[in-house]
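The values are calculated or read from the model by the stated rules, or taken from the named source; none is laboratory data. In this text the structure is predicted, and so the values were computed from the model without any measurement. Positions of Cβ are backbone-derived with ideal geometry, glycine not excepted, and every protein chain shown enters the neighbour counts.
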Amino acid sequence: MPLQPSQALAELKKGEFAPLYFLHGDEPYFIDQVCDYIEEHALAPAEKDFNLVVLYGKECDMATVLGHAKRFPMMAQRQVVIVKEAKEIKDIGKESGRNQLLSYTENPVPTTLLVFAYKHGQLNGNLKLTKLLDKKAKLVQSKKMYDNKLPDWLSALASEQGFSITPKATHMIISNVGNDLQRIYNEIEKVRINKKDNESINDADIEQFCGISKDFNIFELQKAIGIKDRVKALQIMLYFIANPKANPSLVIIAALFAYFSKLLILHHSSDRSPKSLAQSLQVNPYFVRDYLTASRNYNLPQVIKIIQALQVADLQSKGINSASSYHDGEILRELLIKIMI
């Protein structure tokens, strides 16, 4: 079975280096994590000048890659060859290139640590090459993280950096960035360099260091809609409309769809205990009370009608069933009216 990136990292941190790694999948953040660790720790600093080779797939073919891999290290235990953008290797999709890699995988050079960073895609599991890599090398699969796993991952990331993070600050980052893990990491880095260790990251920090307004964001829009604060909801929506690059209509519509989908789940939940609802809604227990309030303000028929309106708005924002003169701002304004009438 392919390794998860966390498993590969755990082995590497124990000093267990294999001759061949093939990292593939749809989540580039974890692939970069493994590559960066190998680049940083597989060689001593003094060994890197002569024994670290970084190649880029678009600039080479398989013969070039394997030519480097078959060399011997200079005054070191091993050499490291990292192929970034490996998906772009000129012949990796051709039989000739794959046959060369098949042959090398059968007998990799033991003094070389060869890494393929095959991002934004994955090898076909039925390929002979994939099966051989799984058997003879370290085949690492980096899967896209589900949205409901993001809060826990972000909390763990902050903890690794020496901080705790409040649920609201977590929600602000995720609502603004989505499931782009590298961007989430970058936002936490902005806070880290400006905060002392062991402090809590809150919404004011996110506003100050990340430029995400603590008053005008998706989280606050959802909260205003949930309590039926029409004035606040309109203010936030008008802010979004005035700043379309930072607040794309598709992102706003998708976030509201996810919000009302949770209300739909809540209306069908027989167990209304906070713990049970937190699990079924896949939210932090801190937010359960907000969803319960919203469920009292929007009954089941209203939620269904709003989800239908969101589907229409989604199509309109993509230019489907919409007049050419119908701008995103008008779509969002009309959507808010349909939600809050």
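Could you check segment 10-30 and list, in sequence order, the residues that are farther than 20 Å from Asp180 by Cβ and outside any loop (DSSP other than H, G, I, E, B)? I'd like the intermediate steps shown before the answer.
In the first step, residues of segment 10-30 are kept if they are farther than 20 Å from Asp180 by Cβ; the result is 10-22.
The answer is Ala10, Glu11, Leu12, Lys13, Leu20, Tyr21, Phe22.
What number of residues within segment 284-328 satisfy the criterion of being surrounded by 13 or more Cβ atoms within 10 Å (Cβ to Cβ), over 17 Å from Ala255 (Cβ atoms) and at pLDDT below 90?
Qualifying residue count, segment 284-328: 5.
Given the residues Ile184, Ile227, which is the only one that is touching a helix residue (DSSP H, G or I) at 6+ places or on another chain (Cβ under 9 Å), in the same structural domain as Ala294 (by TED's automatic domain parsing) and closer than 30 Å to Gln316 by Cβ? Quick ask: steps written out before the conclusion?
Numbers: Ile184 fails: in the same structural domain as Ala294 (by TED's automatic domain parsing).
The unique qualifying residue is Ile227.
From the list Glu95, Glu88, pick out the single residue that is under 15 Å from Leu123 (Cα atoms), loosely packed, with under 15 Cβ neighbours inside 10 Å and of a type in the set (Asp, Glu).
The match here is Glu95.
Mind listing whichever residues of segment 98-129 are part of a helix (DSSP H, G or I) and either over 21 Å from Cys60 (Cα atoms) or in contact with a strand residue (DSSP E or B) (Cβ under 7 Å, 6 or more places away or on another chain) (or both)?
Within segment 98-129, the first condition is being part of a helix (DSSP H, G or I), and the residues that meet it are 98-106, 128-129.
The answer is Thr105, Glu106, Lys128.
Specify which of the listed residues (Thr105, Thr64) is modelled with pLDDT of 95 or more and more than 18 Å from Lys131 (Cα to Cα). Quick ask: steps written out before the conclusion?
Working: Thr105 fails: more than 18 Å from Lys131 (Cα to Cα).
Answer to the check: Thr64.
Assess whether Glu39 counts as being among the acidic types (Asp, Glu), under 29 Å from Leu181 (Cα atoms) and modelled with pLDDT of 95 or more. Walk me through how you get there before you give the answer.
Working: among the acidic types (Asp, Glu): yes; under 29 Å from Leu181 (Cα atoms): yes; modelled with pLDDT of 95 or more: yes.
Yes.
Just the residues that are modelled with pLDDT of 90 or more and within 14 Å of His327 (Cβ to Cβ), please, taken from segment 238-247. Walk me through how you get there before you give the answer.
Of segment 238-247, the ones modelled with pLDDT of 90 or more are 238-242.
Listed by number, the residues that qualify are Leu238, Phe240, Ile241, Ala242.
Mind listing whichever residues of segment 216-243 are free of Cβ contacts under 8 Å to residues at least 12 places away in the same chain and not in a helix (DSSP H, G or I)?
Asp229, Asn243
Hey, Asn148 hits all of (1) outside any loop (DSSP other than H, G, I, E, B); (2) closer than 16 Å to Ile31 by Cα but one; which does it fall short on?
Asn148 satisfies all of (1) outside any loop (DSSP other than H, G, I, E, B); (2) closer than 16 Å to Ile31 by Cα except (2).
Taking into account only those residues within segment 31-53 that are aliphatic (A, V, I, L, M) and in a helix (DSSP H, G or I), which is farthest from Ile184 (Cα to Cα)?
Let us first name the residues in segment 31-53 that are aliphatic (A, V, I, L, M), namely 31, 34, 38, 42-44, 46, 52-53.
From what's left, in a helix (DSSP H, G or I): 31, 34, 38, 46.
Working: Ile31: 16, Val34: 18, Ile38: 22, Ala46: 33 Å.
Looking at residues that are aliphatic (A, V, I, L, M) and in a helix (DSSP H, G or I), I get Ala46.
How do the pairs read when you match residues in segment 119-144 that are in the same structural domain as Asn99 (by TED's automatic domain parsing) with residues anywhere that are part of a strand (DSSP E or B) and hydroxyl-bearing (Ser, Thr, Tyr), using Cβ under 6 Å and keeping only pairs 6 or more apart or on different chains?
Lys138/Tyr21
Arg272: assigned to a helix (DSSP H, G or I), loosely packed, with under 13 Cβ neighbours inside 10 Å and modelled with pLDDT under 95, yes or no?
On the way: assigned to a helix (DSSP H, G or I): no; loosely packed, with under 13 Cβ neighbours inside 10 Å: yes; modelled with pLDDT under 95: yes.
Spelling it out, it is not the case that Arg272 is assigned to a helix (DSSP H, G or I), loosely packed, with under 13 Cβ neighbours inside 10 Å and modelled with pLDDT under 95.
For segment 44-69, which residues satisfy the criterion of being loosely packed, with under 12 Cβ neighbours inside 10 Å and closer than 19 Å to Phe17 by Cβ?
Within segment 44-69, Ala44, Pro45, Ala46 qualify.
Quick one: Val303 ticks every box in (1) closer than 22 Å to Lys168 by Cα; (2) in a helix (DSSP H, G or I); (3) of a type in the set (A, V, I, L, M, F, W, C) bar one, so which box is it?
Unmet for Val303, out of (1) closer than 22 Å to Lys168 by Cα; (2) in a helix (DSSP H, G or I); (3) of a type in the set (A, V, I, L, M, F, W, C): (1).
Would a scan of segment 157-166 turn up a residue that is among the β-branched types (Val, Ile, Thr) and either at pLDDT 95 or above or part of a loop (DSSP other than H, G, I, E, B) (or both)? Full working, then the answer.
Step one: of segment 157-166, the residues among the β-branched types (Val, Ile, Thr) are 165-166.
Checking which are either at pLDDT 95 or above or part of a loop (DSSP other than H, G, I, E, B) (or both) leaves us with 166.
Yes - at least one qualifying residue is present in segment 157-166.
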